[in-house]
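Below you'll find the structure, written out as structure tokens, and then a few comments.
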Amino acid sequence: MPFVTLSKEIWPGVKYRPTVTHCFFSLLGKKEMLQRVYTQNIDGLEAIAGVDPKQLVECHGHFRSASCIKCGAVHDADVCKRSMIELGEAPKCKACDNLVKPDVVFFGEVMPTRFSDLIHSDVSACDLVIVLGTSLQVAPVANIPDWVKKDVPRLLINREKVGSFKGNYPTDVFMEGDCDESIQKLCQMAEWEKELNQIYSEVH
């Protein structure tokens with residue numbers, strides 16, 4: 001089963017650990033400066049880095065919970081993990097005998113309602129938006145930077161300008177380059193480097 005093979009490769013904490021950038025989100029949370037992290041990634045590395053799940057909107061789902069693809073019955077995510085990683089097979093639903101998978105969004109499936117539940121209040125309350133490592137091509141997440149108020153500063157950390165950052169918004173700042181290297185520089189300027197490195201060492 002292709003998804004089981006993929007899951008073995010990308011299941012959070014199995015092969016991959018949080019980057020400096022993921023740890024930066026955690027640091028912002030500890031400093032009570034984080035409203036929300038919106039991510040299209042399904043790897044769950046933000047949560048492993050210590051970001052409170054309440055501050056996460058994982059737009060394409062995550063591996064921390066699992067359910068039946070047919071009846072929607074909730075299943076133990078740890079049991080699902082053991083079955084996929086150790087046995088190489090998707091578990092069966094005890095209620096209807098269909099397959100169980102982690103709660104990640106497949107192509108064509110509906111996004112979790114958490115996005116629509118929070119996005120309007122979040123963009124209204126936002127006083128700074130940071131956009132990192134993205135092509136800004138997949139809606140609706142790609143539209144978030146354009147939904148904040150026009151006087152809200154926007155920081156893009158990326159290898160190139162994307163989306164409306166190609167324009168001339170007076171409140172925009174562009175840090176060109178690798179995300180982790182740019183975050184290190186940012187934390188050096190803010191004198192947060194020691195705290196950032198501490199979080200990084202703890203999750204590794």
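The values are calculated or read from the model by the stated rules, or taken from the named source; none is laboratory data. Keep in mind that this is a model prediction, so the values were computed, not measured. For neighbour counting, all protein chains shown are included, and Cβ atoms are generated from backbone atoms with ideal geometry for every residue, glycine included.
Remarks
- In the condition set (1) in the same structural domain as residue 28 (by TED's automatic domain parsing); (2) in a helix (DSSP H, G or I); (3) without any contact (Cβ under 8 Å) to a residue 40 or more places away in the chain; (4) surrounded by 12 or more Cβ atoms within 10 Å (Cβ to Cβ), residue 122 is compliant with all but (3).
- Of all residue pairs spaced 6 or more apart or on separate chains, those with beta-carbon atoms under 9 Å, a first member in segment 56-84 that is of a type in the set (Lys, Arg) and a second member that is in a helix (DSSP H, G or I) are 64/47; 64/53; 64/77; 81/7.
- Selection of segment 12-41 for residues being surrounded by 16 or more Cβ atoms within 10 Å (Cβ to Cβ), aliphatic (A, V, I, L, M) and closer than 24 Å to residue 102 by Cα yields only 37.
- Subset of segment 127-157 [within 21 Å of residue 25 (Cα to Cα) and of a type in the set (Val, Ile, Thr)]: 129, 130, 131, 134, 141, 144, 148, 152, 157
- If you go through segment 144-184 and keep only what is within 14 Å of residue 23 (Cα to Cα) and either at pLDDT below 95 or not acidic (Asp, Glu) (or both), you end up with 179, 182, 183, 184.
- Condition check for residue 70: crowded, with 19+ Cβ neighbours inside 10 Å, not assigned by TED's automatic domain parsing to the domain that holds residue 22 and not aliphatic (A, V, I, L, M): no
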